[in-house]
Amino acid sequence: SQQGEEDPQALSIQEGENATMNCSYKTSINNLQWYRQNSGRGLVHLILIRSNEREKHSGRLRVTLDTSKKSSSLLITASRAADTASYFCATGLSGYSTLTFGKGTMLLVSP
Amino acid sequence: DGGITQSPKYLFRKEGQNVTLSCEQNLNHDAMYWYRQDPGQGLRLIYYSQIVNDFQKGDIAEGYSVSREKKESFPLTVTSAQKNPTAFYLCASSSGTGALRAINEQFFGPGTRLTVL
């Protein structure tokens with residue numbers, strides 16, 4: 001069964017606004033990863049946050065992890081039209097060499 | 001120029017035919033993965049391999065087969081037993097597990113879009 005589930009399914013904003021996407025999962029994890037996919041392309045890794053971390057930054061990206069609520073959020077600040085893509089969360093479990101992906105959030109940033 | 005490549009980009013198959021999708025990586029990664037993606041859906045794991053000459057079934061292995069004879073290569077065969085093979089197929093590789101033995105980031109190829117005619 002799918003471990004991660006993103007919310008919202010789709011998000012439409014204007015350039016310059018912030019975009020927030022959420023991911024909920026069901027079982028304990030060791031790390032949670034966010035990926036980006038442009039239409040018809042492969043996924044690109046954005047950021048990995050471990051279960052003992054609460055927040056991580058990378059450029060305009062900010063990821064938080066709340067293990068008590070089994071949820072994570074991805075914030076993209078000052079969004080650009082080039083940020084238009086689908087964003088997926090994926091969870092990794094200790095001792096397992098696979099990831100489980102959610103269905104993704106489709107982000108549209110209008111100029 | 002390190003990376004992971006997939007070929008072909010587009011593939012058309014007649015019903016009843018087997019087709020093989022290529023995946024090659026020069027990242028020196030031990031682990032390789034095959035995913036299937038349907039429109040508006042997430043990725044579902046078909047097969048994965050953690051080491052040469054070894055592979056395991058994922059969540060939706062029925063109708064697919066793989067081999068891992070070389071570290072760099074992990075081809076996927078879509079057999080005629082796969083009832084609904086039209087989809088976007090993604091190959092990925094990873095250096096394996098890291099801290100707390102949880103999986104490290106995965107690097108993805110550009111994908112192959114398979115259409116059954």
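The values are calculated or read from the model by the stated rules, or taken from the named source; none is laboratory data. Computed from a prediction, not measured in an experiment: that's the story for all the values here. Ideal geometry is used to build each Cβ from the backbone, glycine not excepted, and the neighbour counts take in all protein chains shown.
Selection of segment A:50-61 for residues being at pLDDT 95 or above, surrounded by 14 or more Cβ atoms within 10 Å (Cβ to Cβ) and not in a loop (DSSP other than H, G, I, E, B) yields A:Lys56, A:Leu61. Going by the structure shown, is A:Gly40 touching a residue at least 12 places away in the same chain (Cβ under 8 Å) and at positive phi? For A:Gly40, the condition - touching a residue at least 12 places away in the same chain (Cβ under 8 Å) and at positive phi - is not met. Set side by side, the residues A:Thr91, A:Thr64 differ, and just one is hydroxyl-bearing (Ser, Thr, Tyr), assigned to a strand (DSSP E or B) and farther than 27 Å from B:Cys91 by Cα, which is A:Thr64. Of all residues in segment B:48-64, those that are facing chain A (nearest Cβ under 10 Å) and of a type in the set (Gly, Ala, Ser) total 2.
Here B:Leu27, B:Leu90 are screened, and the one residue that is within 14 Å of chain A (Cβ to nearest Cβ), in a loop (DSSP other than H, G, I, E, B) and closer than 22 Å to A:Ile47 by Cα is B:Leu27. The one condition from (1) surrounded by 14 or more Cβ atoms within 10 Å (Cβ to Cβ); (2) under 30 Å from A:Ala10 (Cβ atoms); (3) of a type outside the set (Val, Ile, Thr) that B:Gly40 does not meet is (1).
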